[in-house]
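Accompanying notes for the structure given below.
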Amino acid sequence: MFGLLGKNLSHSFSKDIHNAFGNKNYELYNIDNLETFLKSNPLSGFNVTIPYKSEIVKYIDVLDPIVEATNSVNTVVVKDKKLFGYNTDFYGFIETLKYNNINVENKDVIILGNGSVSNTVVLALETLKARKIVRLCRNKKMTIDDYFDNYKEYMNYQIIINTTPVGMYPNNDDKLLFELNSFKSLEVAVDLIYNPLRTKFLIEAEKNNIKAINGLYMLVMQAKKAHELFFNSDIPLNVSNKVYKKLLKKMYNIVFVGLPLSGKSKYSKLLESLLNKKLYDSDIEVENVINMSIFDYFQIYSEAEFRMFESEIVRLVYKKHNHIISTGGGTVKVWENIERLKQNGIIIYLNKDPLKIAEKKIRGRPLIKKNEDILLLAEERIPLYKKACDILIDINYDTVYHINEIKEKIDAYLNR
């Protein structure tokens, strides 16, 4: 038997990854006392995550050199009743940089946090010949540490790597440690968090045209190395990359935005089974909450009150994975909705010509009293759709064409 030791593991992807590598005897172990578990340890090998990566070091019989340098263990192999400790995060982090074509040699790097994982990142950066490394933190431990409040002294650095849990599920909406818009030399932002797929930190980076990378590839690659240690075998790189891409496609939500009657509900329903994702239509969910049609609601209450309900529906879904989400046409009017949906979602704007929509018979749309009203909505909302989207689809052809186009553009987006 094998497994993962940690706390609050209900949303861990480790079991899925190890199963994909062929280890069907891998389970999650939520434990409150590490020493008690180790005394009756039933496992032949296991991974270790927060909060035990440093605590477990004192129980290890044989330490890998990287563990000795970082004081962090995330993989343990049991041989002849002895515990052999390894740090496969080191390998996973370096492979993440390689996969994303990030060269740290002669670069200046800020690390956020100075916990056990940050020690691994420091060692990797030193191995790869980074020029300067500073860790920003709340409590200084080493000479390379400085306080978060002093971040302005490092605005000429080229790379920032987050090793803190700030913004990690379920605390997705944690406040940013600081804004990135003043870092004019910044090229890359890496967040070791993988749930959500885009933390607020990474969304902030993208907003400033900075390359943004999450921790999912690192998770897969450290698991690859752990599997190899468990079974004394090798997994080809192309196999682990396939596992990563499959997991990435599964984790992402597909979020459709666009004008009323642009096809959001239609394409969501058609892609539900094709992509093997769960459908979530926000208008239907709103009507379930308010217990009446949206049209009838607008006869009694204001648009502002409706947007409050709509935002609540977004809050119910944005932390989930593997959904297709059809949004209401005005969801973009509350920009916080978009920033939340971006955390686990690829935003797809269905750009249908409002003049063509105006030619249709439009019924039951509370903000469209006459067909020409769609043109007024378009003038207000199209700039917001374009600002929000990761992918833009011009709706000019038949449904089959656009289904294939959407699938192809999702694949291209994920393989950037």
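Out of the DSSP beta bridges found with both residues in the chain, what percent are antiparallel (nearest 5)?
15
Just want to confirm a number: the relative contact order over the range 117-218, from Cα pairs under 8 angstrom separated by 6+ residues, in percent.
21
Under 18 Å Cα to Cα from Lys319, which lysines show up? Leave out anything in the same chain fewer than 8 places away.
Partners within reach: Lys175, Lys200, Lys249, Lys250, Lys277, Lys278, Lys342.
In percent, what relative contact order does the chain have, based on Cα pairs under 8 Å that are 6 or more apart in sequence?
After rounding, I find 11 percent.
Treating each Cα of the range 2-55 as an identical point scatterer and ignoring solvent, apply the Debye formula and state log10 I(q)/I(0) at q = 0.17, 0.21, 0.23 Å⁻¹.
Values, matching the q order: -0.50, -0.75, -0.89.
Computed over the Cα atoms of the chain, what is the ratio Rg over Rh, Rh following Kirkwood?
Looking at the chain, the ratio lands at 1.02.
Please give the net charge around Thr88, taking every other residue with its beta carbon less than 13 angstrom from that of Thr88, where Lys and Arg add +1 and Asp and Glu add -1.
-1
Nothing charged except the Cβ atoms of Lys and Arg (+1) and of Asp and Glu (-1): what's the magnitude of the dipole of the chain about its Cα centre? Round to the nearest 20 debye.
Dipole magnitude for the chain comes out near 520 debye.
So what are the ³J(HN,Hα) numbers for the range 255-261, from phi and the Karplus equation (6.51, -1.76, 1.60; θ = phi - 60°), rounded to whole Hz, Gly and Pro as x?
10, 9, 10, x, 5, x, 6
Can you give me the % of accessible surface on the chain that is carbon or sulfur? Probe 1.4 Å, all protein chains present, nothing else counted.
On the chain, the fraction of accessible area on carbon and sulfur atoms equals 49 percent.
Taking the highest mean first, how do the peptides 29-41, 225-237 order by number of other beta carbon atoms within 10 angstrom per residue?
Taking the mean over residues of other Cβ atoms within 10 Å, the ranking is 225-237, 29-41.
What 222 nm value per residue comes from the helices of the chain, counting each DSSP H run with n ≥ 4 as -39,500 (n - 2.57) and dividing by all residues, nearest 500 deg cm²/dmol?
-12000 deg cm²/dmol
Over all directions, how big on average is the projection of the convex hull of the alpha-carbon atoms in the range 182-263, in square nanometres?
8.2
As a test of the definition: which semi-axes, in Å, follow for the range 357-416 when you take the square root of five times each eigenvalue of its alpha carbon gyration tensor? Largest first, please.
Semi-axes, largest first: 28, 16, 8 Å.
Considering amide H positions built from the backbone, and no H for Pro or chain starts, which residues 5 or more places from Arg135, or on another chain, come under 5 Å of its amide H?
Ile111, Asp145, Asp146
Which shape class, rounded, prolate or oblate, goes with the range 85-132 when its Cα gyration tensor gives a ≥ b ≥ c as root eigenvalues, a/c under 1.5 marks rounded, and past that a/b bigger than b/c marks prolate?
It comes out oblate by the Cα gyration axes.
The values are calculated or read from the model by the stated rules, or taken from the named source; none is laboratory data. Keep in mind it's a predicted model, so treat the numbers as computed, not measured. Heads up, the Cβs are rebuilt from the backbone with ideal geometry, glycines too, and the neighbour counts pull from every protein chain shown. These area figures cover heavy atoms from the full protein model, side chains too; ligands, DNA and RNA do not enter into them. Shrake-Rupley method; radii C 1.70, N 1.55, O 1.52, S 1.80 Å.
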